[in-house]
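The values are calculated or read from the model by the stated rules, or taken from the named source; none is laboratory data. If you're wondering where the values come from, they're calculated on a predicted model, not measured in any experiment. When we count neighbours, we look across all protein chains shown, and the Cβ atoms used for this are built from the backbone with ideal geometry, even at glycine. We work out accessible area using only protein heavy atoms, side chains counted, and drop any ligands, DNA or RNA first. Shrake-Rupley method; radii C 1.70, N 1.55, O 1.52, S 1.80 Å.
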Amino acid sequence: METADGKWSWVVLAAVMMTHGMTLGFPSCIGVYYTDLQTSFQASNTETSWFPSIIMAVLHAGGPLCSVMVERLGCRITVMIGGLLCGLGMVASSFSQTIIHLYLSAGLVGGLGLCFCFQAGVTVLGYYFIKRRTLANALASTGASIGMALWPLASQHLLESLGWRGSFLIFGGVLLNCCVCGAIMRPVRSPNPISKKDALLNSPNGKSNESEEMERGKGIQRYMAFDLLLRHRRYQIFTIGVTWMVLGFVLPLFYLVPYATSKGVEESTAALLLSLIGFINIFVRPIAGLISQQKIFSGRLMYLFSFAVTLNGLSNLVCASWVSFTAFVIYCILYSVSMSFIGALVFQVLMDTVGMKRFPGAFGLFTILESITILVGPPLAGLLVDYTDQYGLIFYATCIAVTSSGIFMGLASYIVNRNDAKRKQKQTTTDATWNNETLDIKPSSAHQDVL
């Protein structure tokens with residue numbers, strides 16, 4: 001078994017980067033195939049939008065199931081199973097005869113595979129890195145940026161030469177490489193291992209704590225931390241804020257290419273816009289990780305995160321109100337920079353909020369709630385286009401959803417922190433007063449004893 005913060009940790013980090021590039025980068029290319037899928041299946045915008053929404057929703061909703069598999073089988077096997085599902089799902093989707101078949105093969109099966117690969121990769125980094133966890137998360141997310149830069153370019157080339165069916169068949173083979181990445185993720189030796197004997201001794205009934213928790217009905221908290229959602233204010237703020245954010249956050253990745261082509265931009269050039277977002281991410285995400293490690297942001301990562309979310313939301317106004325290729329480029333720069341900080345910080349903020357011990361359960365519930373808004377976001381946007389025939393309105397709606405979530409997280413966190421500071425100050429004052437009174441009483445008592 002390997003140890004945390006060792007040499008093999010960096011090999012695992014490289015594997016996670018590749019996994020993120022293949023899994024998180026893949027949805028960014030769906031916009032390239034949007035029009036062809038719509039034409040092939042003679043589907044409306046709403047029907048076509050269900051395809052990316054199902055992929056993204058399953059990618060997030062499979063979190064609790066992934067947590068169970070990680071606990072039972074380990075991150076290594078879970079990622080390898082995910083790679084198999086990704087490959088099989090995409091190969092099967094290339095033979096789809098109806099859009100429903102596409103929902104089931106690429107959406108459900110492929111999306112579940114993406115979930116296993118991505119979320120098990122995030123979890124294994126938390127165990128392999130302790131001292132440099134923020135930097136490791138930032139570098140791993142750079143893999144997604146590389147994928148976002150390469151997938152649209154490759155997709156446009158494959159679409160022109162093989163069509164969407166041939167492209168999806170090739171994608172199946174590419175995603176099978178997640179199995180290779182998973183094989184690298186060896187089990188990690190715990191820094192403070194606890195023997196079964198110690199676990200039994202620490203249990204008042206002579207049974208393991210795990211079994212006792214299951215008898216009391218608390219086992220589900222390890223996979224979906226409902227107790228944190230009900231009582232942990234900072235987790236409440238972060239979960240509600242991000243859940244509302246993703247309602248619009250992912251929409252530009254699906255609709256930027258159709259929007260640009262509807263305004264006269266060539267399809268090949270429009271695909272370059274998505275690659276530009278990914279290319280900028282490659283350089284900005286590591287910088288975001290380094291910035292977040294500065295002392296000034298110690299205990300204040302939520303503020304940096306909420307600022308990035310707010311900026312990301314406001315950037316959509318550029319794309320919606322100023323229609324030109326120059327405007328699209330400026331929008332991609334602003335969107336990508338803010339997106340880089342969001343991607344580099346989102347998991348670190350969650351880890352800092354609940355701690356690594358509760359991270360799997362907190363992450364599981366967090367992704368379940370995210371999946372709900374991710375599932376309904378693209379179809380609602382497609383419905384908006386079907387009724388208005390204007391893609392620009394999607395970017396206005398995205399601005400409202402994302403900006404409001406960023407402002408909410410920033411203000412709510414400030415209020416909670418201020419109240420906690422007042423409570424601590426009051427407690428400190430009370431303790432100091434009690435200590436002074438104790439000191440005043442002691443000499444008097446001693447004097448009476450002497451008398």
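Of note:
- The chymotrypsin sites (Phe, Trp or Tyr not before Pro) of the stretch 299-403 that meet both conditions, a loop assignment by DSSP and at most 12 other Cβ atoms within 10 Å of the site Cβ, are TRP322.
- About the centre of its Cα atoms, the chain shows a dipole size close to 1280 debye [charges on the beta carbon of Lys, Arg (+1) and Asp, Glu (-1) only; nearest 20 debye].
- Span-rule helices in the chain, defined as complete DSSP H runs reaching 30 Å or more along the axis (Cα) with Kyte mean at least -0.5: 133-175, 267-292, 301-321, 325-354, 359-388, 392-450
- The stretch 255-338, accessible surface, carbon-and-sulfur percent (1.4 angstrom probe): 70 percent
- Label point distance in nm, ARG233-VAL323, each placed 7 Å from Cα along Cα→Cβ: 4.7 nm
- Fully extending the segment from LEU162 to SER298, taken as 0.36 nm per residue of separation minus the present Cα-Cα distance, adds 43.9 nm.
- Note on the chain: Lys pairs 8 or more places apart or on different chains, Cα atoms under 24 Å apart, count 15.
- Per residue value of the accessible surface for the chain (all protein chains in place, 1.4 Å probe), Å²: 46 Å²
- Structure-based [θ]222 nm, the chain - -39500 (n - 2.57) summed over DSSP H runs of at least 4, per residue, nearest 500: -27500 deg cm²/dmol
- Option label - Cα extents along the principal axes in Å computed here, alternatives [x] 103, 50, 39; [y] 73, 44, 35; [z] 68, 51, 49: [x]
- Look at the alpha carbon pairs under 8 Å that are at least 6 residues apart: their mean separation over the length of the chain gives a relative contact order of 25 percent.
- Under 5 Å, built H, 5+ apart or other chain: amide partners of THR3: ARG189
- On the stretch 90-190, 71 percent of the accessible area sits on carbon and sulfur atoms, based on a 1.4 Å probe.
- Two-site label geometry, ARG72 and LYS131: point separation in nm, points 7 Å out along Cα→Cβ: 3.7 nm
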